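Take a look at the structure set out below.
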Amino acid sequence: MLAALSRWWTARREAAALRRRPIADDLWKRTLVRYPFLRTTADPGAAELRRLTSLFLDRKEFTAVPPLRLTNDVVVAVAAQACLPVLRLGLHRYDGFVGIVLQPDQVVARRQQVDDDGIVHEYDEVLSGEAVQGGPVMLSWRDVRTSGRSAADGYNVVIHEFAHVLDMADGEADGVPLLPPELPRHEWLATLMRDYEAFVARVDAHEETALDPYGAEAPEEFFAVASEALFVDPERLRAEHPALHAMLARFYRVDPAR
């Protein structure tokens, strides 16, 4: 009885959200044209992706840094790409944060690092996006806007940062998101670390790779860049990292390469 009541209440709440944040047909068509990987990945789940995008817009708070303005095209572009990784996992995976900050372009962040001798080193880091525990998620609109073209390079800043959101759901950014029972942690780590270590060696040798070399920074970055490639350039990911591709497809419950 309680379960049925909960389902009824959830359905009612979502129906109200869909009425509040409908996506016009012409806007949705423009979004799919600008970002073709949404169409190829979501099909035959295109209707579900559109539904999740409306729910995402209803639940999250967008902020734009001037001169960028929050038009419908802007927020739908971000929301649709953010929903792609959770198309089969469910939007509840993003319940741990609310805010999304859109910068017009990349930003420079001042960082500090303490070396083994206790000496503090300061440096500047150029960011296209950043996800922190509990939010907000920061994104460069320039990178988001051009993600239809950058998909050919396996690059997508939205999917990258939202893969970090999934990774941090257990409180730690380590390349291991909350896994289903049928995908044990030891199996995940064995595949991830084997491919990661081989990838680092290739990057250090200045070899050309299917994945963004930034993935060599840490296992959590490797998971994020591999997630990008799964959704926007799956054939190259499968060709170069077949075991990793298969494992990610099991986790996300979708295989765009097929």
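Values quoted throughout were computed directly from the atomic coordinates according to the rules given, and no laboratory measurement underlies them. Quantities reported herein were computed from a predicted structural model and do not represent experimental measurements. Ideal geometry is used to build each Cβ from the backbone, glycine not excepted, and the neighbour counts take in all protein chains shown.
In units of the rule-of-thumb radius 2.2 N^0.38 Å, the range 44-174 shows an alpha carbon radius of gyration of 1.13.
Within 10 Å of each candidate Cβ there may be at most 16 other Cβ atoms; applying that plus a DSSP loop requirement, which GluC sites (Glu not before Pro) in the range 160-230 survive?
Passing sites in the range 160-230 are 172, 182, 207, 208.
Sparse packing (at most 15 other Cβ atoms within 10 Å of the Cβ) combined with a DSSP loop state is found for the following trypsin sites (Lys or Arg not before Pro) in the range 72-146: 88. Backbone geometry of the range 195-211 corresponds, through the Karplus equation with coefficients 6.51, -1.76 and 1.60 at θ = phi - 60°, to 3J(HN,Hα) couplings of 5, 5, 5, 5, 5, 4, 4, 5, 5, 4, 8, 6, 7, 6, 10, 5, 8 Hz, x marking Gly and Pro.
Over the chain, one equal point on each Cα, no solvent: what is log10 I(q)/I(0) by the Debye formula at q = 0.08 Å⁻¹? The computed values of log10 I(q)/I(0) come out as -0.33. Helices in the chain, meaning DSSP H runs of at least 4 residues, each add -39500 (n - 2.57). Divided by all residues, the mean residue ellipticity at 222 nm is -16000 deg cm²/dmol.
Computed extension gain for residue 187 through residue 255, at 0.36 nm per residue and net of the alpha carbon distance, reaches 22.6 nm. In the range 117-215, Cα pairs under 8 Å separated by at least six residues give a relative contact order of 19 percent. Between 159, 77, 96, the Cα set farthest toward the positive side of the dipole of the range 39-193 (charges on each charged residue's Cβ, about the Cα centre) is that of 77. Normalised by 2.2 N^0.38 Å, where N is the number of residues, the C-alpha radius of gyration of the range 130-258 stands at 0.99.
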